[in-house]
Amino acid sequence: MKLNRRQMLAGSAASLWLPRLAEAAAGAGGMQVIEPRAAEHQLAPSDYPATRIWGYDGMAPGPEMRIAQGERLTRRLRNGLDQPTSIHWHGIRIDNAMDGVPGLTQEAVAPGASFDYDFALPDAGTYWYHAHAQSVEQVGRGLYGALIVTEPEPLDIDAEHVLILDDWRLQDDAQLAGDWGAPHDNSHGGRMGNFIATNATFDLALPVEQNARLRLRLINAANARIFPLALKGLEGWIVALDGMPLASPEAVGEDFVLGPGQRADLLVDVVAEEGEEAYLVRFDRDAAAAQVSFPVTGRAALSRRPAPAPLPPNPGQELPDLASVRALDMPIEGGAMGRLGSAMYEGAETQFRDLVGAGQFWALGGAAGLPKTPFASAARGETLRIRMENQTVFPHAMHLHGMHFREVLSGGALGPMRDTLLVAGQETGEIVFEARNPGKWLIHCHMLGHAASGMVQWIEVT
Ligand code: C2O
Ligand code: CU
């Protein structure tokens, strides 16, 4: 028998062989599997049939992952769908190879195949994971879940609730409408649903007691809907946005909205008395369910706590150095009622008419669809300032992978750290960040139909 090189190494130097054995053992025995697959879920009220969804481990939302800051997350994605998929860990300052972007950081995982995700969680906060292939349909059918990274010290609260907001487009038979990626949705505001459910539950009600303090971790998993939120019977503070603690808690105002992909951590005190209403209100008039209610069942304590202290900051939350920034322009163009002369598409300057023929309605930074070359290459540690002039009439939820940024506010002040910025129609959003995380990072609209029809770019950090 002729030994191949690996067998020779194994025979002659056992120590070289050991790491491979260790790897194989962890893969076979140790790694927890997560499987996206078709399932049924009672989404609509009980007098309707169950809805056929796609869920991680068959659940909507997928299983909550809750891990202590500084630990690693390891999961084997086993694709139980009949189309390729991947998982993106939204908002995590992640190792680029684990970012889950087919065509940029990994190959899409074929039906029946597996991919191992294994990465560190450097920052505490409210994050989420979701499919990142055919996202309009895969996320729209329910492929998402919460990823909670806990702070070292528990907070002084009475209860915590993770609330994943989504709107689903249901037909009369309570089944999901199959018009995924319809050109009218893609070229307008994206795929809006007609049925709002929180944690895939209609009319979610969470019993509370007066004077209790709750931590609400809000995640907007919708394809395109911006949720306006307000509190009734509750008094609340925003303590973190997109996972990152605010320097000081901010009272929840009337104009508080959550765009697709965004998260907010609230601390709320129940001020309503037993029998009074307490709601997290959403103002959508066309929605079948418009609120999460908190029925007050009694009194937790005689009086309320004092206003909350800030959460402990995550590492790397210091302000970027604005003295030496590279300024870049990344215009947002196109859409219905918009103007788009031409854009780069598949490496060539293409007229709008031909772009529409190819199902592309938007351009980001002069390109429609994921370009072969990055929008910008940054040296590690370089500070980038990106100006996104929204020349369209629609709002966009601009998400950067792998790193948080700060919004440059009017007057030059810097906003809180975020990973997704809402830019209103015909407004300009500007972000600044230190490019510290090496790799290829997507930047795209989280209105998923917009990303699928053009609004996607990437930057490289070397
Ligand atoms: Cu949550 Cu590329 O997205
Ligand atoms: Cu958009």
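Just so you know, all these numbers are worked out from the coordinates, no wet-lab data involved. Here the structure is a predicted model, which is why all the values come from computation and not from measurement. Quick reminder, even Gly has a Cβ in these numbers, built from the backbone with ideal geometry, and neighbours come from all protein chains shown.
Points worth noting:
- Cα-Cα separations in the range 159-299 greater than 26 Å, expressed as whole percent: 26
- In summary, the convex hull built on the alpha carbon positions of the range 65-105 has an orientation-averaged projected area of 3.6 nm².
- Relative contact order of the chain, taken over Cα pairs closer than 8 Å and 6 or more residues apart, is 13 percent.
- Antiparallel DSSP beta bridges within the chain, percent to nearest 5: 75
- Against the rule of thumb 2.2 N^0.38 Å, how large the Cα Rg of the range 325-461 comes out: 1.00
- Ordering of 246-259, 117-130 by burial proxy (mean other Cβ atoms within 10 Å per residue, highest first): 117-130, 246-259
- Rg/Rh for the chain, where both radii come from Cα atoms and Rh is the Kirkwood radius: 0.99
- Taking max minus min of the alpha-carbon positions on each principal axis, the range 77-151 gives extents of 38, 24, 18 Å, largest first.
- Cα gyration tensor shape for the range 131-217, rounded if a/c is under 1.5, else prolate or oblate: prolate
- Antiparallel content of DSSP bridges confined to the range 159-299, in %, to 5: 75
- Placing +1 on the Cβ of every Lys and Arg and -1 on the Cβ of every Asp and Glu, with no other charges, gives the chain a dipole of roughly 1540 debye about its Cα centre.
- Across the range 325-461, C-alpha contacts under 8 Å between residues 6 or more apart give a mean separation that, scaled by the residue count, equals a relative contact order of 30 percent.
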